[in-house]
Amino acid sequence: DPVTAEVTGSFADDGSVVLEHTTHREGAEDHREQIVLREHRGRVSAFIRAAGGPEQRFQSVPAAAGSWRFTRADPKAGPMAWELVLGEGAFSERFVVGEGAAAETVVELSHVKAGA
């Protein structure tokens, strides 16, 4: 279903990138989350916290040019991945649970800049 989102970004005092992301969907309550991207000792981590939910920490892993992949081991859901791929004037995002043949895409989004 089409949704709209507002994203603002800033730098924290420690140099981390902080994204405030609010998704609007007709007939549903707004979904708010904060994403913090932090580099420490040559590794990039992404900390995602949905409003009212626990923080999820993802670690970057090698990915193809023009894309990023972050993974984590969830105590209940098992292996998870967050993948971002740049496109022409847009980017796609997906969350995958599981590994190999058992991997299942649970969320897939295509982000297009307003007016594009």
(message) Whole-Hz ³J(HN,Hα) for each residue in segment 27-43, computed from phi via Karplus 6.51 cos²θ - 1.76 cosθ + 1.60 with θ = phi - 60°, x for glycine and proline: what do you get?
(response) x, 10, 5, 4, 10, 10, 8, 10, 10, 10, 9, 9, 9, 8, 6, x, 10
(message) Per residue, how large is the accessible surface of the chain? Use a 1.4 angstrom probe and give square angstrom.
(response) 72 Å²
(request) Take the alpha carbon gyration tensor of segment 1-62, find the square roots of its eigenvalues, order them as a ≥ b ≥ c, and report rounded if a/c is under 1.5; if not, report prolate when a/b exceeds b/c, else oblate. (result) prolate
(request) Quick one: what are the phi-derived ³J(HN,Hα) couplings along segment 65-70, Karplus 6.51/-1.76/1.60 with θ = phi - 60°, whole Hz, x for glycine and proline? (result) 4, x, 9, 9, 9, 10
(message) Rounded to the nearest percent, how much of the accessible area of segment 70-115 (1.4 Å probe, protein heavy atoms only) is carbon and sulfur?
(response) 57 percent
(request) With a point put 7 Å past each Cα toward its Cβ, work out how far R38 is from A103 in nm, to one decimal. (result) 2.7 nm
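The values are calculated or read from the model by the stated rules, or taken from the named source; none is laboratory data. Keep in mind that what you see is a predicted model, and the values were worked out from it rather than measured. All Cβ positions, even for glycine, are placed from backbone atoms using ideal geometry, and neighbour counts span all protein chains on display. Side chains are part of the model used for accessible areas, which takes the heavy atoms of the whole protein and leaves out ligands, DNA and RNA. Shrake-Rupley method; radii C 1.70, N 1.55, O 1.52, S 1.80 Å.
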